[in-house]
Structure formats: structure tokens, C-alpha cells
1. If you line up the long axis of helix 330-354 against the longest principal axis of the chain, both from Cα atoms, how many degrees apart are they, to the nearest 10?
2. My understanding is that a pair violates if its Cα-Cα distance is over 25 Å; which of LYS65/LYS104; LYS245/LYS329; LYS110/LYS139; LYS30/LYS79 do that in this structure?
3. Take every DSSP beta bridge whose two residues both sit in region 189-339, then give the antiparallel share in percent to the nearest 5.
4. Note down the nm distance, to one decimal, between modelled labels 7 Å out along Cα→Cβ at LEU18 and at GLU180.
5. Mind putting a number on the dipole of region 189-339 about its Cα centre? Charges go on the C-beta only, +1 for Lys and Arg and -1 for Asp and Glu, and I need it in Debye to the nearest 20.
6. With n ≥ 4 as the cut-off for DSSP H runs, can you work out [θ] at 222 nm for the chain, using -39500 (n - 2.57) per run divided by the number of residues, rounded to the nearest 500?
7. Given GLN347, SER114, TYR274, which one lies farthest toward the positive end of the charge dipole of the chain, if we put +1 on the Cβ of every Lys and Arg and -1 on the Cβ of every Asp and Glu?
8. Quick one: 3J(HN,Hα) in Hz for region 58-64, Karplus 6.51/-1.76/1.60 with θ = phi - 60°, rounded, Gly and Pro as x.
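Quick note: the coordinates plus some simple rules give every number you see, no bench work behind them. It should be emphasised that the depicted structure is a prediction, and the values quoted were computed from it without experimental measurement. Note: ideal-geometry Cβ built from the backbone for every residue, glycine included; neighbour counts use all protein chains shown.
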Amino acid sequence: MARVYFYLPRCNSISTPLSEFVVRWNEYAKSLKEIGITGSSVTLLMDDSVPENAWGDVSIVRLRKNRIIQFFQLAIRFKRKNGKATLIAGNNYEALMSVILLRKLNPKLKVQTSLHVEIDAIRASAGLKATFKKYLLKKLIPMVDSLRLVRAQEIIKAQEFLGVAREQIVVCPIPITMPENPIGPRGQGIGYLGRIHAERSPFFWGEVALAVSELEPTSLFFVAGSGPDERDMRSLLSPLGSKVKFLGFITGPELKDFWLSIKVLLVTAPFESYGMAAREALLHGVMIVAPRLDTYLEIEKIAPSLVKLYLNKKEAVSHVLSGVNVDLKAEEVAKFREFFRASQDEQMKSLAYSWL
């Protein structure tokens, strides 16, 4: 039996709707069953902006918004618990500090946290705030029982930069639900997917889009996402007029329509830990054009005909123009999907074992 708790101090810190977030945690609960652990429970500890309920195999417990009161609520809960439990810190520093303190109150508590960003990006960050965050990471992460990374290629970097032992590390990306019927009629658009902020280089995306439109005036562009740089991105792309559509933050059926509207997903983030949007694109039968980063080189080895990598703007423009005129082969997409499914299943089981 395993009791697993996930602590997220602020619900607005997750970029996905609560319903989809809980679907993801039901996948984690399912992985516990698949390794033969019966009678397990998975509970999300979140602020009181969410309903207290059970969604599938996952329960939600509401906490007060005040951080101090939250901590005392958790302290009471875990101090009185008998036996072992695993407490997972949401992806922020508040949660990590809280769960480490809670383990002081209950030594039987097993603590896990995760890093969803590329370690090289953390190393490269500058400024007083970034320096303080790096200091906190180096002090706090070695104190957890396990650290979850999203790519195996980050293991050595984590050992060197954070001082964690290899046996503390488990690799498991955020699970992606496998779409149906990825190959079929689709639009010729070029897509952007994700938060519109500096970390994803939306202005470089815009420069490439403008260059593509000059060479191929009939090109259409779809921007799915929102963020602090959206207004400036709209201004940059205003010469395209009706040829660019800003869709805002989309999920569900709207996201499905987005994938059917585009032929190429243009990725421009200079750092990427896993490339979730790119992998999701391939699962939907959409070619990706991305910078020559480790995560995309890894994908290219698996599916070379589905990925085009660039070093500069000129190469990005060239790959986008050729990509919209290429129909991906169904057998190549199927091969990637099968590899992805098997890999994700294995990683989910490894994560489940880390909670025991």
C-alpha cells in the first residue's frame, strides 16, 4: 500500500486547467496499480479555490490560502499519520521548504520534488533573484529522498550542480495522453504553442514568421497561448493582418483544432528540458522545426524524418517553408508513437516505485 500526497500551495501556479491536472494525476494513480500496489491513495493538497472532492482515483483536500495556516494544516495531518507516506512538493520553492520542514516533524515521511527546467538554464540565469534561487536549490534538493527529472540526460548535470546522489534520481516526464488518428487532412498553418514570455523567445518566432510570409505570402500562422509578452508579439506580427490568429490559452477541443490547423510547430525556446509541446506535436502527426538542443537531437535520433533542427534564423525559415509542403509518413508517425508509449509506460512505473 502507498499513500501519496502532492502539495501545491497556489493553484494558479499550474498552467493547465484543474480538470486536466487531475486527469494527469489519475494516470499516476493508475501506474501504482500497474506495478501491483493495491489499496493505494493519491491525494492533492491544494488551496481552497478548488472543490474538495474525489476525481477518479484522486482525492482533493482543500487548504487555506494563507501559507502559515497551510503549513499548520499540513503539520497536523502528517504528525498524526501512522506509517509511511510520500509527500511530493509542487514545482516551487515554498512547497519544497514546507515539505522538508514537515519531514522534521515526521521522520517516516518520504519527500520528493521535481525539476522541469533544464539545469543549464538554471546555471545560465543571472541576477540577484536567480542567484538566490540557485542557492536555495543547492541547499534544499540534497535534503529530499528523491528528485524527479524529465530527461535521463540531465542526471549527471543534477549530480554535479546540485550534489544529489544517483540513487536519489528518478526520470519521468509529465505524461501525455495519446491522441487518436494523428494522420489525416489538416491545414497548412505554422504554429506556436505555450506561454508567451521571454523564455520561449516569441519575438524570434515572430521574426521567422514574417520572413516566411515574405517568401510565401499565403502562409497562415496560429499562436496558441498567452502571457506577459503577448501584446508586443501581436504588435510585431501586425503586418500579417488576418494571416495570423491569436487563439489565447486553449485546451480540449480547441487544442485538437489547433493541431489540425497546422502542418509545422515552430519551437524557439533557447533552453528546453523535455520539449513536451514538440513531442505532443509528433504524436498528432505535426512536423517540428526546433533549435539544435539536446532534447530535440534526442527526438531526431528516434524520428529523423519528423524533425528539422536549425542553428539560425535562415535555417529556421528554410525548414518551415519545406515542412509545410511535406506530408509526414504514417508509418514514421506510428513508429514514434509506439516508442513514446513504451517509454512513457516504463518511466511512469519507475516513478511509482520511487513512492514506495
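1. The angle comes out at about 20 degrees.
2. LYS245/LYS329; LYS30/LYS79
3. 5
4. 2.8
5. Computed about the Cα centre, the dipole is about 120 debye.
6. Result for the chain: -13500 deg cm²/dmol, rounded to the nearest 500.
7. About the Cα centre, the residue reaching furthest to the positive side is SER114.
8. 10, 9, 10, 10, 7, 10, 5
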